[in-house]
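Structure record follows, encoded as structure tokens.
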Amino acid sequence: MFKPLIFFIGLRYTRAKRRTRFISFIALTSVLGLALGVTALITVLSVMNGFEEELRERILGMASHASISGPGGKLRDWQNLEPLLRQEPRILGWAPYIETQAMLSADRRVSGSLIRGVLPGMEPEVSAVAQRLIQGRLEGLKPGGFGIVLGVELASYLGVVIGDPITVITPEAQGAAGGILPKIKRFTVVGVFQVGMYEFDRNLALIHLDDAAQLHHMEGAVSGLRLKLDDVFHAQQVAHELGPKLGDHYTLADWTLEHGNFFKAVQTEKRVMFIILLLIVAVAAFNIVSTLVMVVTDKRPDIAILRTQGMTPDGVMGIFIVLGSLIGLFGTLLGTVGGVLLALNIDTVVPAIERLLGVQFLSGDVYYITELPSKLLWSDVAVITGIAFLLSVLATLYPARQASRIQPAEALRYE
């Protein structure tokens, strides 16, 4: 069906004559519509990929990949577990922690917070908080020094900086002559971190493990061990394999129990967005149908002459398949180039638009992150390009078949 003559005629029909300028305009709109659909689909999927990766890095950079705890939420003699953990090659690091809820008070402002007791020397093995410090150092947490490191949003709300005192009020009540009172302890701010996620920047505070043990009467015990793995997607498998080695006295949990549903929701949203935007590509691709129908109507005498000169119905059909495929190919390639360029430069395009319009698309107190990330996957580009071109080719079949059914005698009757 596809011979050089057919390709030549199909390519010839893409160039406009004076009397077919309107048809060429319709073809141009089909190309631009398909290009815009492909560009939007590539860009949105890249942003969704970047959004998912950024959230995973920020959440799992502060939360544990997996954790080990003991009965009653207390783990004693956690040092005895270190030989077993060293034997597991997929465990890159571990660190003890004590975690509880508390109220922080400073300058007549009060805020609830998650207090996490850590060892400054071991905490960098399981979290990225040391790299996220914008003021102070994690080593500023000294045993018995009652120093505290706050998230940047929490510090801003309380109106404190490094060196300012802050009062920690724990829910553990203690007896007094006037009745039962909550336990109150004065701390000093020694650092401020900024993760870039409002959840942590606003609600997390770090203190030394010994101070946390003294504050919550957990001398000689911790809440558990936080583990860092070489691959976060193997967390369930590692926890399943490590459980029998530890015994029944220990409880293992992985990040999927706390954050798994969130990432599943992101994946579901990505699929839905792909389907919705693919419909836009489909609509743009099937605009080729109307273009080819108009071309077939305009070229009826030409088709009749080709038939009288010996061209078969399959040959006529091939001409219009070539014509529609060329329109789809141009639109797909143009959209692919535009989508790739936009996805790779989204970090500069979006801030420029925000400055131009004077708005912020991602507010920190509403969204998890304040920047629009992008991660271009060439596998996504290949799938989108292939589907767009396939839809374009499918859109040519009906008008091409109608063209192949034109009878030369009927077409030339009034010529």
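With respect to the conditions (1) open to solvent by less than 90 Å² (accessible area, probe 1.4 Å); (2) in contact with a Leu (Cβ under 8 Å, 6 or more places away or on another chain), LYS245 falls short on a single one, namely (1).
Of the residues examined, LEU326 is one that is crowded, with 19+ Cβ neighbours inside 10 Å and of a type in the set (A, V, I, L, M, F, W, C).
Just to be sure before I move on: is GLY191 open to solvent by 20 Å² or more (accessible area, probe 1.4 Å), closer than 27 Å to ILE148 by Cα and not basic (Lys, Arg) in the structure I sent?
Judged against the criteria, GLY191 is not a match.
For the condition open to solvent by 20 Å² or more (accessible area, probe 1.4 Å), farther than 30 Å from THR332 by Cβ, modelled with pLDDT of 85 or more and not aliphatic (A, V, I, L, M), ARG58 does not qualify.
Being at pLDDT 75 or above, under 22 Å from PHE200 (Cβ atoms), in contact with a helix residue (DSSP H, G or I) (Cβ under 9 Å, 6 or more places away or on another chain) and among the polar types (S, T, N, Q) holds for only one residue in SER46, SER69, SER64, and it is SER64. The numbered conditions (1) open to solvent by less than 80 Å² (accessible area, probe 1.4 Å); (2) at negative phi are all true for LEU257 except (1). When the residues of the stretch 292-321 are filtered to those that are open to solvent by 50 Å² or more (accessible area, probe 1.4 Å) and in contact with a Ser or Thr (Cβ under 8 Å, 6 or more places away or on another chain), the one that is nearest to PRO4 (Cα to Cα) is ASP314.
Scanning the stretch 266-284 for residues that are charged (D, E, K, R) and open to solvent by 60 Å² or more (accessible area, probe 1.4 Å) turns up GLU269, ARG271.
Sub-7 Å Cβ pairs linking a first residue in the stretch 251-262 that is without any contact (Cβ under 8 Å) to a residue 24 or more places away in the chain to a second residue that is part of a helix (DSSP H, G or I) and open to solvent by less than 30 Å² (accessible area, probe 1.4 Å), at least 6 apart or interchain, are THR256/ALA235, ordered by first then second residue.
Filtering the stretch 67-77 to residues that are touching a Lys or Arg at 6+ places or on another chain (Cβ under 8 Å) and either among the aliphatic types (A, V, I, L, M) or closer than 19 Å to VAL129 by Cβ (or both) leaves only SER67. Annotation note: Cβ proximity below 7 Å between a residue of the stretch 49-64 that is outside any helix (DSSP H, G or I) and a residue that is at pLDDT 80 or above (sequence gap 6+ or interchain) occurs for ALA63/TRP255; SER64/VAL126; SER64/ARG226; SER64/LEU227; SER64/TRP255. Checking each residue in the stretch 111-155 for being farther than 19 Å from ASP211 by Cα, open to solvent by 50 Å² or more (accessible area, probe 1.4 Å) and in contact (Cβ under 8 Å) with a residue 24 or more places away in the chain picks out GLU125, ARG132, ILE134, GLN135, GLU153.
Does PRO171 satisfy the criteria of being open to solvent by less than 50 Å² (accessible area, probe 1.4 Å) and out of contact with any strand residue (DSSP E or B) (no Cβ under 6 Å at 6 or more places or on another chain)? Can you show your working first?
On the way: open to solvent by less than 50 Å² (accessible area, probe 1.4 Å): no; out of contact with any strand residue (DSSP E or B) (no Cβ under 6 Å at 6 or more places or on another chain): yes.
Answer is no for this residue.
Can you say whether ASP107 is farther than 28 Å from ILE346 by Cα, touching a Gly at 6+ places or on another chain (Cβ under 7 Å) and open to solvent by 30 Å² or more (accessible area, probe 1.4 Å), as far as the supplied structure shows? Taking the combined requirement at face value, the residue satisfies it. The residues on offer are ALA130, ALA155, and the sole one that is touching a strand residue (DSSP E or B) at 6+ places or on another chain (Cβ under 7 Å) and within 17 Å of LEU204 (Cβ to Cβ) is ALA155.
ARG86 meets the conditions (1) more than 30 Å from GLY163 (Cβ to Cβ); (2) open to solvent by less than 50 Å² (accessible area, probe 1.4 Å); (3) at pLDDT 85 or above in every case but one. The failed one is (2). Step by step: first the residues of the stretch 222-234, then only those that are open to solvent by less than 80 Å² (accessible area, probe 1.4 Å) and touching a Leu at 6+ places or on another chain (Cβ under 6 Å), then the one that is farthest from MET48 (Cα to Cα). Which residue is that? Checking each candidate, the answer is VAL222.
The values are calculated or read from the model by the stated rules, or taken from the named source; none is laboratory data. Computed from a predicted model, the values in this text were never measured in an experiment. Reconstructed Cβ throughout: ideal geometry from the backbone, glycine too, with neighbour counts over all protein chains shown. Accessible surface is based on the protein model in full, side chains and every heavy atom, while ligands, DNA and RNA are left aside. Shrake-Rupley method; radii C 1.70, N 1.55, O 1.52, S 1.80 Å.
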